[in-house]
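**Student:** Take this structure, written in C-alpha cells, and hold onto it; I'll ask about it next.
The values are calculated or read from the model by the stated rules, or taken from the named source; none is laboratory data. These numbers were taken from a predicted model, which means no experiment stands behind them. As a convention, Cβ positions derive from the backbone with ideal geometry for all residues, glycine included, and neighbour counts pool all protein chains shown. In case anyone asks, the SASA skips ligands and DNA or RNA and just uses the protein heavy atoms, side chains included. Shrake-Rupley method; radii C 1.70, N 1.55, O 1.52, S 1.80 Å.
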Amino acid sequence: MLKIAIQKSGRLYEDSIKLLKECGIELNNGNKQLKAAAFNFPIEVYFLRDDDIPQYVYDGVADIGIVGENVLLEKNKNIDIAYRLGFGRCRLSIAVPKAVQYNSIEDLRGLKIATTYSTILQQYLNDKNIEAEIHEISGSVEIAPSIGLADAICDLVSSGSTLFTNGLKEVEVILQSEAVLSVNKNLTTEKRLILDKLLLRINSVKTAKNNKYILLNAPNHQLKNIFSLLPGMKSPTVVPLVEEGWSSIQSVVNENDFWDVIEKLKQFEAEGIIVIPIEKMIV
Ligand code: PRT
Ligand code: ZN
C-alpha cells in the first residue's frame, strides 16, 4: 500500500483529486476524514495542510505527496521530485510599492522585506550578495508595506491582481513554481513498484493532455508536405479515399504547435480537419 498526501483544501485540492481520478483511482470517501483508501488501486490518500506535506513525506508517514514546489523548497527537506504536475503554477516574487523607484536588485540593500518564504528569500539574497532584513510573517503579506511593517514583500503571484490592488509592483522573480509529486527517498521495493505504476498512469494522462488526435483529407500530391508537419507517434496513418487522388490521414499533434500546424495544413490543401481530445496516451 502506497500512502499519498494531498492538500486537504485549498488551491491544489481539486486538481490533485482530479489527477487521481484521471489515473483511474477511485476513493472510498471524501476529504472529510483524514484519510481515504482507494478500492481499485493499492493507495491510501491522506488529506493534510500543504505546509505539513514535506515533513510527512520526509518522515515516511506518507510515502509521496502532491505539494507546491515553493513549499517543498521552503521546508528544505531531503526528498525527491518524481514528477512536475503542471498545475498550481505561480511564481515567488519580490514586490515594492508602485511609487518606489526601482532599477536593480541593489535597491533591495538594507530594506525590510516581509514574507512567509524566509528560507528561499534568504538563499536568494545570499546568492545575489544582498544584505536585507527579512521579516517573517504568517499571512496577509501584501498589506505589510501599506501598514508600515516592511519596505517590500516576497510572496506568491499568479495573475498579479493582489499586488495591483495593494499598490505594489513586481520587481524580481525568485522562483517559478508548480505542483510536484514529492517522494520519500527510502521507499521499499513494493512501494516503488506501486509508484512506478502510478507514474505510468500520470504520464499517460499528462501526455494525452498535451496532444490531440487529428484526422484530415488531403490530395495525394500534398502528402509529403503534410507528413513533414505530422510526425505522429511513429508515423501518420494514411487511408485512400474512394475519390481518386485523395487520402485520409490520422495523426497526433502537440498542443503547443497546434494552431501553427493547422494553418500550414490548410496551405497544403487539407480539408475536413477533425481534432479529437485524447484520454490516455502511452508512448
Ligand atoms: O490550508 P493550507 O495551508 O493547506 O493552504 P494555503 O492557504 O497555505 O495554500 P493555498 O491553498 O493558498 O496554496 C497552495 C499552493 O497553491 C501554493 O503553495 C502554491 O504552490 C500554489 N499557488 C498557485 C498559489 C497561488 N497560485 C497564489 N496565487 N498559492 C497562493 N497564491 C496566493 C498568493 O499568496 C497571493 O496572496 O494568491 C495571491 C496572489 O494571486 P494573484 O492571482 O492575485 O497574483
Ligand atoms: Zn499552507
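**Student:** Could you go through the range 232-242 and let me know if any residue there is of a type in the set (Ser, Thr, Tyr) and loosely packed, with under 15 Cβ neighbours inside 10 Å.
**Tutor:** Scanning the range 232-242, I find at least one residue that is of a type in the set (Ser, Thr, Tyr) and loosely packed, with under 15 Cβ neighbours inside 10 Å, so the answer is yes.
**Student:** Which of the numbered conditions does Ser93 fail, given that it passes all the others? Conditions: (1) within 16 Å of ligand 2 (Cβ to nearest atom); (2) touching a strand residue (DSSP E or B) at 6+ places or on another chain (Cβ under 6 Å); (3) among the hydroxyl-bearing types (Ser, Thr, Tyr).
**Tutor:** Unmet condition: (1).
**Student:** Another question, if that's okay. Among the candidates Val45, Val100, which residue alone is modelled with pLDDT of 95 or more, open to solvent by 20 Å² or more (accessible area, probe 1.4 Å) and more than 16 Å from ligand 2 (Cβ to nearest atom)?
**Tutor:** From the options Val45, Val100, the qualifying one is Val100.
**Student:** Taking the range 58-78 on its own, how many of its residues are away from ligand 2 (no atom under 15 Å from the Cβ) and surrounded by 21 or more Cβ atoms within 10 Å (Cβ to Cβ)?
**Tutor:** Residues flagged as away from ligand 2 (no atom under 15 Å from the Cβ) and surrounded by 21 or more Cβ atoms within 10 Å (Cβ to Cβ) within the range 58-78 amount to 3.
**Student:** Residue check, Ser104 against (1) over 23 Å from Leu195 (Cβ atoms); (2) hydroxyl-bearing (Ser, Thr, Tyr); (3) in contact (Cβ under 8 Å) with a residue 24 or more places away in the chain, all met but one. Which one?
**Tutor:** Here Ser104 clears every test but (3).
**Student:** Out of curiosity, is Leu121 modelled with pLDDT of 95 or more and open to solvent by 30 Å² or more (accessible area, probe 1.4 Å)?
**Tutor:** So Leu121 does not fit the description; no.
**Student:** Here's another thing I want to ask about it. Name the single residue, out of those in the range 1-59 being of a type in the set (S, T, N, Q) and more than 10 Å from ligand 1 (Cβ to nearest atom), that is nearest to Lys185 (Cα to Cα).
**Tutor:** Looking at the filtered set, the residue picked out is Gln55.
**Student:** Kindly indicate which of Thr119, Thr115 is polar (S, T, N, Q), in contact with a strand residue (DSSP E or B) (Cβ under 7 Å, 6 or more places away or on another chain), within 16 Å of ligand 2 (Cβ to nearest atom) and under 20 Å from Val67 (Cβ atoms).
**Tutor:** Result of the check over Thr119, Thr115: Thr115.
**Student:** So which pairs qualify, if the first residue must be in the range 67-87 and under 10 Å from Ile120 (Cα atoms), the second must be in a helix (DSSP H, G or I) and away from ligand 2 (no atom under 14 Å from the Cβ), the Cβ gap must be under 7 Å, and the two must be at least 6 apart or on different chains?
**Tutor:** Hits for this filter: Leu73/Ile120; Glu74/Thr119; Glu74/Ile120; Asn76/Thr119.
**Student:** Anything in the range 243-273 that is open to solvent by 90 Å² or more (accessible area, probe 1.4 Å) and in contact (Cβ under 8 Å) with a residue 24 or more places away in the chain? List them, or say none.
**Tutor:** Asn256, Glu271
**Student:** Still on this structure, I have one more. For the range 133-156, which positions are away from ligand 2 (no atom under 16 Å from the Cβ), surrounded by fewer than 20 Cβ atoms within 10 Å (Cβ to Cβ) and of a type outside the set (Asp, Glu)?
**Tutor:** Ile134, His135, Ile143, Ser146, Ile147, Gly148, Leu149
**Student:** Can you tell me which residue is farthest from Lys77 (Cα to Cα) among those in the range 106-120 that are in contact with a helix residue (DSSP H, G or I) (Cβ under 9 Å, 6 or more places away or on another chain) and of a type outside the set (Gly, Ala, Ser)?
**Tutor:** Leu108
**Student:** Please specify each residue of the range 79-97 satisfying the condition of being open to solvent by less than 30 Å² (accessible area, probe 1.4 Å) and either over 17 Å from Lys206 (Cβ atoms) or among the aromatic types (Phe, Trp, Tyr) (or both).
**Tutor:** Within the range 79-97, Ile79, Phe87, Cys90, Leu92, Ser93, Ile94, Ala95, Val96 qualify.
**Student:** Test Lys128 against the criterion of being touching a His at 6+ places or on another chain (Cβ under 7 Å), over 28 Å from Gly65 (Cα atoms) and open to solvent by 40 Å² or more (accessible area, probe 1.4 Å), and give yes or no.
**Tutor:** Spelling it out, it is not the case that Lys128 is touching a His at 6+ places or on another chain (Cβ under 7 Å), over 28 Å from Gly65 (Cα atoms) and open to solvent by 40 Å² or more (accessible area, probe 1.4 Å).
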